[in-house]
Amino acid sequence: RALVRGGPVRPLAHVLLVTVDALRADRIGRVVQGRSLTPHLDAMDRDTVIFDRAITQAPHSSYAISSLHTGEYLHETIPLGQRQPLPTLADTLRARGFNTIGLYTNGIFFTEGERLFAYRDSRYGFARASHVDHDARAQTDAAITELDDAARRGGPTFLWVHYFDVHAPYWGRGDTPEARYDDAVRRVDAEVARLLAHARRVLPGDLVFALTADHGEEFGEHGGVYHGSTLYEEQLRVPLRIMVPGVPGRRVPTEVCAQLVDLAPTLAALVGVEPPMSMRGRDLRRWMVDGANPADAPPAFAAVNSRRAVIRWPWKFVVDTTYGVEELIELQSDPLERRNRAADAPGPRGELRAMLGAWIAGMSAQSADGEVLARGRLGDRGVIPALITLAEDRREPSARRVEALDLLSRFRSLGPGDFLVPLMRDGDPRVRAMAALVSGNARDPRAVATLREVVVGEDPALRARAGIALGNLGDPAGLDALTDAMFSRDEETSVEAVKALGELRDPRGVDPLLRVLADDHLRYRAVFALGQIGDARAYPRVMDVASHDDTEDARANGILALGMLRDARAREFLEGRVRADDHADYAAAALAALAALPGALPWFDARRYER
């Protein structure tokens with residue numbers, strides 16, 4: 001029971017870790033229609049250490065959960081090619097004699113899961129794992145069975161249970177997505193309480209309990225829905241609650257920003273197990289008891305796509321490293337994150353920018369290929385000049401020059417560059433091909449001739465990228481490669497191919513796009529591309545998506561596509577969507593679609609829709 005290195009220790013206590021997919025931090029204790037969404041968790045407050053501010057490392061389940069178990073910033077280190085897989089919390093505890101059990105869905109690997117197959121295939125190091133897609137009640141029943149079995153085997157137990165009910169399409173009841181979300185939160189709250197009560201009954205000795213989420217969920221706060229698109233608080237913040245026998249409940253002030261990468265080393269240390277050196281997260285135990293100064297809290301870091309953020313209360317600094325756009329938010333006075341202070345607060349901006357740069361450089365410095373290429377892999381546009389120099393230097397190995405050009409191709413705002421013209425005549429065919437791709441991505445017509453050579457070459461990856469570049473340039477020579485690229489196993493390639501096919505507006509793209517509509521990942525892009533092509537053959541399928549699809553972005557794009565098809569058969573449906581009061585986004589899309597159809601709108605009164 002002694003405090004070791006400034007934090008509590010319960011040697012070889014049992015560990016129950018609960019994660020709730022897409023659970024926003026503000027839903028715990030939230031009162032809706034006169035009652036809390038989480039009465040059972042609320043009742044535990046007196047015995048719970050509650051971190052007022054905790055963030056995910058990336059608002060995608062795949063990266064967030066994998067980072068939680070490894071204590072590593074995988075969104076950054078995987079693109080750098082650093083060693084995988086890393087030791088997980090389950091690996092670490094199993095080596096000390098713990099029963100390790102994980103109950104979760106493989107749906108957590110939905111986004112960029114191909115980069116994380118090492119963790120999927122190793123089951124995060126759990127000796128026992130189940131991936132059945134249960135609702136909350138069935139998941140708790142399965143966990144109770146595992147607890148009973150672990151109790152019979154004896155010894156300390158580490159059980160991780162992941163609840164999926166709060167993830168879209170939200171396994172709750174209600175008239176709106178948010179109402180269904182809140183109802184799902186209520187259900188999970190009751191099941192977590194049932195699970196914890198059973199664990200306490202059957203597992204002898206101390207039990208450490210932790211609850212968190214992989215990310216939050218947006219309901220239009222910044223113009224979007226779902227998650228995985230921004231680093232605003234509704235997607236970034238997660239709950240973090242830890243109960244340790246003998247440790248009184250307290251709220252850790254918001255100045256201390258905990259991270260998901262901190263949880264694995266903290267739980268290991270709480271049960272007296274030394275965390276692996278590979279865990280970059282911090283041991284949070286010092287903040288779980290009185291005495292630590294909140295002002296000493298280190299910064300926290302997060303990322304999504306090409307955006308990276310550093311948080312040190314009360315400031316959050318976000319930079320899009322690919323486009324060079326910066327945002328500085330003072331969270332205390334602007335909790336809704338409406339005002340960008342980057343222009344009028346140079347002091348905090350400079351300080352946080354330096355912290356973020358040091359964080360990126362610290363991980364990049366571990367790359368065997370050098371810091372320039374490493375920072376380029378992380379999308380840092382600050383190394384664009386150095387990448388150009390590297391690509392032009394014929395003394396450099398061909399592989400390094402090719403990668404430098406490959407990295408330059410990712411900077412979408414990189415305009416046409418004269419430096420690429422001689423490189424498209426380089427003696428190395430790989431350099432020529434990659435220079436053409438960079439130039440094509442910049443919509444430079446000087447790349448067309450070389451791209452036409454690449455698109456019929458032997459390398460399927462280069463053919464796909466050349467087809468996308470030609471499609472964006474409006475050249476049909478890449479149509480076959482573009483069609484093949486839509487069915488790539490790489491999601492980013494598929495998405496870019498669908499977009500490029502829409503830009504090409506070639507009627508030959510209709511049939512493959514109709515096939516792509518069956519893909520849940522691509523349907524919202526494909527239906528819009530069908531609208532861009534404007535071929536009447538697509539009308540029945542586009543109408544079906546616009547009328548019945550389960551996802552909001554696909555339906556909204558389907559409604560817009562009906563207008564782009566300019567088919568008068570859609571008028572009655574679109575007018576009905578405008579007049580309906582149930583969904584403002586659909587109404588707005590329908591108005592835009594109607595405006596594209598021939599004919600006037602005699603019934604339309606703009607005053608009704610003013611806001």
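The values are calculated or read from the model by the stated rules, or taken from the named source; none is laboratory data. These numbers come from a predicted model, not from an experiment. Neighbour counts run over all protein chains shown; Cβ positions are idealised from the backbone, glycine included. We work out accessible area using only protein heavy atoms, side chains counted, and drop any ligands, DNA or RNA first. Shrake-Rupley method; radii C 1.70, N 1.55, O 1.52, S 1.80 Å.
The table below lists the values:
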quantity	calculated
Given (1) open to solvent by 10 Å² or more (accessible area, probe 1.4 Å); (2) at pLDDT 90 or above, index of the condition Asn441 fails	(2)
Test: Gly467 is touching an Asp or Glu at 6+ places or on another chain (Cβ under 7 Å), open to solvent by less than 10 Å² (accessible area, probe 1.4 Å) and of a type in the set (Gly, Ala, Ser)	no
Pairs, first among the aromatic types (Phe, Trp, Tyr) in region 284-302, second assigned to a loop (DSSP other than H, G, I, E, B) and at pLDDT 85 or above, C-beta under 9 Å, six or more apart	Trp287/Ala297; Phe301/Gln57; Phe301/Tyr73
Checking Glu234 against (1) out of contact with any helix residue (DSSP H, G or I) (no Cβ under 6 Å at 6 or more places or on another chain); (2) of a type outside the set (Gly, Ala, Ser); (3) modelled with pLDDT of 95 or more; (4) open to solvent by less than 10 Å² (accessible area, probe 1.4 Å), the condition it does not meet	(4)
Scan of region 518-531 for residues that are outside any loop (DSSP other than H, G, I, E, B) and open to solvent by less than 30 Å² (accessible area, probe 1.4 Å), ordered by number	Ala526, Val527, Ala529, Leu530, Gly531
Candidate set: region 323-346, residues that are open to solvent by 10 Å² or more (accessible area, probe 1.4 Å) and under 21 Å from the mean Cα position of the chain (by Cα); chosen: the one nearest to Phe411 (Cα to Cα)	Tyr323
Selection count, region 538-550, where residues are surrounded by fewer than 18 Cβ atoms within 10 Å (Cβ to Cβ) and farther than 14 Å from Ala570 by Cα	2
Hey, Arg400 at pLDDT below 90, surrounded by 15 or more Cβ atoms within 10 Å (Cβ to Cβ) and either closer than 21 Å to Ala374 by Cβ or of a type in the set (A, V, I, L, M, F, W, C) (or both) or not	no
Wholly enclosed helices (runs of 4 or more DSSP H) of region 48-151 bearing at least 1 residues without any contact (Cβ under 8 Å) to a residue 24 or more places away in the chain and more than 16 Å from Val18 (Cβ to Cβ)	117-122
Residue list for region 347-389, filter: under 19 Å from Thr322 (Cβ atoms), part of a loop (DSSP other than H, G, I, E, B) and open to solvent by 50 Å² or more (accessible area, probe 1.4 Å)	none
Test result for Arg523, at pLDDT 90 or above and under 26 Å from the mean Cα position of the chain (by Cα)	yes
Qualifying residue in region 256-268 (condition: among the hydroxyl-bearing types (Ser, Thr, Tyr) and buried (at least 18 other Cβ atoms within 10 Å of the Cβ))	yes
Within region 19-38, considering residues that are touching a helix residue (DSSP H, G or I) at 6+ places or on another chain (Cβ under 8 Å) and assigned to a strand (DSSP E or B), the one surrounded by the most Cβ atoms within 10 Å (Cβ to Cβ)	Val20
Answer residue from region 152-177, given it is open to solvent by less than 10 Å² (accessible area, probe 1.4 Å) and not in a strand (DSSP E or B) and is nearest to Phe219 (Cα to Cα) among those	Val166
Tally of residues being open to solvent by less than 50 Å² (accessible area, probe 1.4 Å), under 20 Å from Leu267 (Cβ atoms) and of a type in the set (Gly, Ala, Ser) across region 178-229	3
Qualifying positions in region 271-322 - assigned to a strand (DSSP E or B), open to solvent by 40 Å² or more (accessible area, probe 1.4 Å) and of a type in the set (Phe, Trp, Tyr)	Trp315
Every pair of residues 6+ apart whose Cβ atoms lie under 8 Å, when the first sits in region 404-428 and is modelled with pLDDT of 90 or more while the second is in a loop (DSSP other than H, G, I, E, B) and open to solvent by less than 20 Å² (accessible area, probe 1.4 Å)	Leu420/Asp444
Region 351-363 residues that are farther than 13 Å from Trp315 by Cβ, paired with ones that are basic (Lys, Arg) (beta carbon under 9 Å, 6 or more apart)	Trp359/Arg308; Ile360/Arg308; Ile360/Arg375; Ala361/Arg375; Met363/Arg280
